[in-house]
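The values are calculated or read from the model by the stated rules, or taken from the named source; none is laboratory data. Keep in mind that this is a model prediction, so the values were computed, not measured. Here the Cβ positions follow ideal geometry from the backbone for every residue, glycine too, while neighbour counts run over all protein chains shown. All accessible areas refer to the heavy atoms of the entire protein, side chains included, with ligands and DNA or RNA removed. Shrake-Rupley method; radii C 1.70, N 1.55, O 1.52, S 1.80 Å.
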Amino acid sequence: MDGKKTKSPKFLIKYLVVAGAVCFAIAYGNTNAFFAHNLVLIFLYMGLSQAWNIIGGYAGQLSLGHVAFFGIGSYTSTLLYLNYGITPWIGALVGAALAAVVAYGLGWATLRLKGAYFTLATIAFAEVLRILATNFSGITKGAQGVGIPFRPELGNMIFRGKTGYVILALGFAVIVYLVCRYMDRTRLGYYLAAIREDETTSASMGINVANNKVLAMVLSAVFTAIGGTVYAQYILFIEPASEFSYSVSLNMALFAIFGGLGSLYGPIVGAAILIPIQEYLRVTFGGSLPGLHLAMFGLVLIITVLLMPKGVFPTIQGFVQGRIARSQKKKLRGEGSQ
Amino acid sequence: MILEAIGVSKSFLGLQALSNVDIQIAEGEIVGLIGPNGAGKTTLFNVISGYLKPTTGDVLFAGDKVTGTRPHRMAHMGMARTFQIVKPLANMTVLENVMVAQFMKGGRTKEVRELAEHVLQQVGLYEQRNQTAGTLTLAGRKRLEVARALAIKPRLILLDEVMAGLNATEVQQTIDLIHLVHKQGITIFIIEHIMHVIMSLSHRVIILNQGEKLCEGRPEEVINDQRVIDAYLGEGFSLA
Ligand SMILES: Nc1ncnc2c1ncn2[C@@H]1O[C@H](COP(=O)(O)OP(=O)(O)OP(=O)(O)O)[C@@H](O)[C@H]1O
Ligand SMILES: [Mg+2]
């Protein structure tokens, strides 16, 4: 497993194929705006959903209020940029720091809440932030929202075409992926999974359950906030109704659960499949009958979950591994009979 | 003394589960804890390992007062325990279960994996290492409890009925395992209902009845004690 020499060429091929596909997609996106728009959302949500997966998947704490951190990120960087001329590149980090502090508080406050009670608390928390953002109109301009003037420049994190945003969102997704991959393979990943399985057993193995849960919440919030900044810079307009929209929380959780909860590739697969479906249905049916595209999306979800209750990625992985194991067995039997 | 309980009492909403229990265990001992169902044995383990705060009384570990210290701190100090109602990390593999425990001792994932594999070889679960823990048989799960406890390299290990529900062969394997653990210098405090096992394994036996320490002594002394016979015969037990 750990870096055996024979594996590295295969590894390299895998990465080259992925990199090639991504480059091709970006190049094609350069000529097709709808496609590029999909790419931005896919990459953005790969990162967001991956960030959610830290607390929701690994640690098994089903948050449906992560838009709180998303909104903190987008509002912090935008207000710093508009009021003080601070570049969103720095603003994103300030937003992340602020989200970390808030997540620390929320983490401790909700530590003893289990299951549905934890979920409800996170939903309520995000709602509170949305209401605050609406009512503190002196700072946030309230419900009317804040526009970011279009001044395309790398330093402003604003790009002329969509390709710049595709690369920005991709960079975000890659960073979150790398952090989660590291976590997945080291102590924290094992500890969070253990906490998800059984807190009592975890404690008997020397795990400080409270600290690790709060740490997971903080890590998750930090990357969610950065995603919020990326989104704000892409849309160039923020308002409480969308920056603190429940549907963002829901999508983050949904993509991870759909792709495979608590697995490294789950959120990636989930976002890559569901964003295009969502966008296609919205564009095709969104205009004809209000809500029809949502109903159809729900149908797609129900069917998939019924077919693959563990999520798409683990199911496919299990299938492929099963095939490999069978073919190896066949080979062994073949050799045995000779 | 590696472990001392001084006047430990524990009540649950009026139910007196432990009353004024004194216990001393020296380093290197194997001490058995017996008593009828509901006597308070598991409660005593929970108090010692930090899962429950005693209503009154103190717990000392290696001379330090540890009353009410949280369980994960106790683990770091060198106290391991198993659970009577087995608690595997059911959706993780057997190897991952032990790796989680092994991580407490630090090291890179690769080293942790190797050390965990070594522990699994010791307890005889190596072949099942890639199975999810939830698919193990009861005997396997009991073994996994011991493996996790061993992985944190404890000074004292509390074993709560690790042989309940096992067949004769499995019981014998577990006895051998406990001897092996003891040879590594680990002190053992063990709850067990199977009388011949506790009698042959323990240097000393403590009897708990209705939350009180009835008596203690070498196995052959205790077995002939009239109070013990009464407590057990009342419960329909046989000492043979
Ligand atoms: N958390 C708890 N809350 C309330 N009562 C409890 C709790 N834990 C144990 N008890 C009660 O305390 C008494 C002692 O229970 P305990 O589990 O310590 O007995 P035991 O000696 O381990 O019995 P067994 O041999 O059946 O395992 C029982 O009457 C039990 O119902
Ligand atoms: Mg018990």
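Structure data summary
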| item | result |
| --- | --- |
| Those residues of region A:87-119 whose amide nitrogen sits under 20 Å from the label point placed on residue A:174, 7 Å along Cα→Cβ | A:89-90, A:92-93 |
| DSSP bridge pairs, the protein assembly as shown: antiparallel proportion in percent, nearest 5 | 60 |
| Rounded to 10°, Cα long-axis angle of helix A:33-53 versus longest principal axis of chain A | 70 |
| Top of A:270, A:85, A:322 by mean-square fluctuation, Gaussian network on chain A, Cα under 10 Å | A:322 |
| Choice from A:261, A:236, A:98 showing the highest fluctuation, given a GNM over chain A with Cα pairs closer than 10 Å | A:236 |
| Set of region B:196-211 residues, backbone N closer than 20 Å to the point 7 Å along the Cα-Cβ line of residue B:168 | B:196-201 |
| Protein-only accessible surface order, largest first, of A:150, A:159, A:285, B:61 at 1.4 Å | A:150, A:285, A:159, B:61 |
| Cα long-axis angle, helix A:187-197 against chain A (0 to 90 degrees, to the nearest 10) | 90 |
| Per residue, in Å², the accessible surface of chain A once ligands and nucleic acids are set aside, probe 1.4 Å | 49 |
| Region A:54-133 and region B:147-164: distance between their alpha carbon centers, rounded to Å | 41 |
| Angle between chain A longest axis and helix A:88-109 axis [Cα atoms, degrees, rounded to 10] | 70 |
| Heavy-atom accessible area ranking, 1.4 Å probe, most first, across B:99, A:308 | A:308, B:99 |
| Pairwise FRET efficiency - residue A:137 versus residue A:316, Cβ, R0 = 60 Å, nearest 0.05 | 0.80 |
| For residue B:227, solvent-accessible area (1.4 Å; no DNA, RNA or ligand), Å² | 120 |
| Amide hydrogen neighbours beyond the local backbone of residue B:208, cut-off 5 Å, H modeled | B:34, B:35, B:214 |
| Value of relative contact order over chain A, rounded to a whole percent, pairs C-alpha under 8 Å and six or more apart | 29 |
| Length gained when the stretch residue A:282-residue A:21 is fully extended (0.36 nm per residue, less Cα-Cα span) | 91.4 nm |
| Contact order normalised by residue count of region B:58-212, Cα under 8 Å, 6+ apart, percent | 25 |
| Prolate/oblate/rounded call for region A:233-303, Cα gyration tensor, a/c under 1.5 rounded | oblate |
| CD proxy at 222 nm, helix term only [per DSSP H run n ≥ 4: -39500 (n - 2.57); per residue of chain A; nearest 500] | -25500 deg cm²/dmol |
| Modelled label reach - residue B:111, point 7 Å along Cα→Cβ, region B:72-92 residues with backbone N closer than 20 Å | B:76-78 |
| Probe 1.4 Å - accessible area at residue A:11, Å² to nearest ten | 80 |
| Per-residue SASA entry for residue B:200, accessible area with 1.4 Å probe, Å² rounded to 10 | 80 |
| Residue-by-residue Karplus 3J(HN,Hα) for region B:60-65, coefficients 6.51, -1.76, 1.60, Hz, glycine and proline x | 10, 10, 6, x, 9, 6 |
| Helix-only mean residue ellipticity at 222 nm for chain B, each DSSP H run of n ≥ 4 adding -39500 (n - 2.57), per residue, nearest 500 | -11000 deg cm²/dmol |
| Accessible-area order (highest first, 1.4 angstrom probe) of the listed residues A:137, A:49 | A:137, A:49 |
| Residue among A:226, A:26, A:139 with the largest mean-square fluctuation in a Gaussian network model of chain A, springs linking Cα atoms under 10 Å | A:139 |
| For the protein assembly as shown: rounded, prolate or oblate by the Cα gyration tensor [a/c cutoff 1.5] | prolate |
| Separation between Cα centres of region B:1-30 and region A:166-229, rounded to whole Å | 39 |
| Gyration tensor verdict on region A:265-305 (Cα atoms; rounded if a/c is under 1.5, prolate if a/b is larger than b/c, oblate otherwise) | oblate |
| From phi via Karplus (6.51, -1.76, 1.60), per-residue ³J(HN,Hα) for region A:252-268 in Hz, x at Gly/Pro | 4, 5, 4, 4, 5, 5, 4, x, x, 5, x, 10, 4, 9, x, x, 5 |
| Calculated from backbone phi, Karplus (6.51, -1.76, 1.60) coupling profile of region B:20-25 in Hz, x at Gly/Pro | 6, 8, 10, 9, 10, 10 |
